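Beneath this line is the structure, given in structure tokens, with notes to follow.
Just so you know, all these numbers are worked out from the coordinates, no wet-lab data involved. These figures come from a predicted structure and were not determined experimentally. Here the Cβ positions follow ideal geometry from the backbone for every residue, glycine too, while neighbour counts run over all protein chains shown.
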Amino acid sequence: MLKQRGDKTANGKWSTPSAERNKGPILDVLARVLPRRGLVLEIASGTGQHVLHFARALPDLAWQPSDADAELRGSVALRLREEQRANVNDPIELDVARLPWPLRAADAVVAINMIHVAPWSATPALFEGAKALLPAGHVLFLYGPYRRFGHHTSESNAQFDRDLRAQNPEWGLRDLEAVSDVAAGAGFALDETVEMPANNLSLIFKRK
């Protein structure tokens, strides 16, 4: 799995315009569905733009960023060093496909724009890893573009899917129904689907 890095700033941080655009709408959903307190594990934290934004807005939650990419973990660490946020832990190395994950428990798991830039095998691994961490009734939150009933929801998503598959044939937009089936097999129920800007979806799964 390779999270998109975007552009590297002069001080060594990575940054993507899409993260700046979507962090506000995603936060609106997270503020509603996450527990009021506890530890939130973010899978594939990427540049760190999301986790620092969420941590500022939701200071009663502790945040654990993670990424398989060392350069992106470095970007998260640089942002954290600048802000000195007490409710964000140092980023950890975590590849969803390597089970068990290097964390014993969490109160929620968040994965933004991950499963379409990873092989399909990362999707069942994501649910299996989250299952081992989360208590019953707690949230696994996914965000990104999805197909519905085997079809793209927009031409822009169809083009994005073609671009991803040109980069790596194992990447591409996933069918929401297929993801839900995998979730059910791992003990998660799709509790809510939220329409988001730019033809994206927020999916709120709950551990049974």
**Request:** Give a quick list of chymotrypsin sites (Phe, Trp or Tyr not before Pro) in the range 149-201 that DSSP marks as loop, anything other than H, G, I, E or B, with at most 10 other Cβ atoms within 10 Å.
**Result:** Phe149
**Request:** Report the relative contact order of the range 14-207, percent, no decimals, based on alpha-carbon pairs under 8 angstrom and at least 6 residues apart.
**Result:** 19
**Asked** Counting other Cβ atoms within 10 Å of each Cβ, which trypsin sites (Lys or Arg not before Pro) in the range 35-87 have at most 12 and sit in a DSSP loop?
**Response** Arg36, Arg37
**Residue with peak Gaussian network fluctuation, the chain [Cα springs, cutoff 10 Å], from Ala130, Ala97, Ala166** = Ala166
**Hypothetical label at Ala132: residues of the range 183-206 whose amide nitrogen lies under 17 Å (7 Å Cα-Cβ projection)** = 186-188
**Cα-based Kirkwood hydrodynamic radius, the chain, one decimal, Å** = 17.0
**Message:** At R0 = 35 Å, how high is the FRET efficiency between Glu155 and Lys208 if r is their beta carbon distance? Nearest 0.05 is fine.
**Reply:** 0.45
**Request:** Would you pull out the residues with amide H under 5 Å of Arg147's amide H, same chain only if 5 or more places away, H placed 1.01 Å from N?
**Result:** Arg174, Asp175, Leu176
**Message:** Hydropathy at least -0.5 by Kyte-Doolittle, axial extent at least 24 angstrom from the Cα trace: which helices of the chain, defined as entire DSSP H runs, fit?
**Reply:** 17-33
**Prompt:** Under 5 Å between amide H atoms, partner at least 5 residues away or on a different chain: which partners does Ser45 have, H built in plane at 1.01 Å?
**Reply:** Ser66, Asp67
**Asked** the range 72-106 to the range 8-47: how many Å between their Cα centroids?
**Response** 12
**Asked** If the convex hull of the alpha-carbon atoms of the range 4-90 is projected onto planes in all directions, what is the mean projected area in square nanometres?
**Response** 5.2
**Asked** Cα gyration tensor of the range 124-187, axes a ≥ b ≥ c as square roots of the eigenvalues: rounded (a/c below 1.5), prolate (a/b > b/c) or oblate?
**Response** prolate
**Item:** Most mobile listed residue (Asp67, Asp175, Asp28) in the chain, GNM with C-alpha springs under 10 Å
**Value:** Asp28
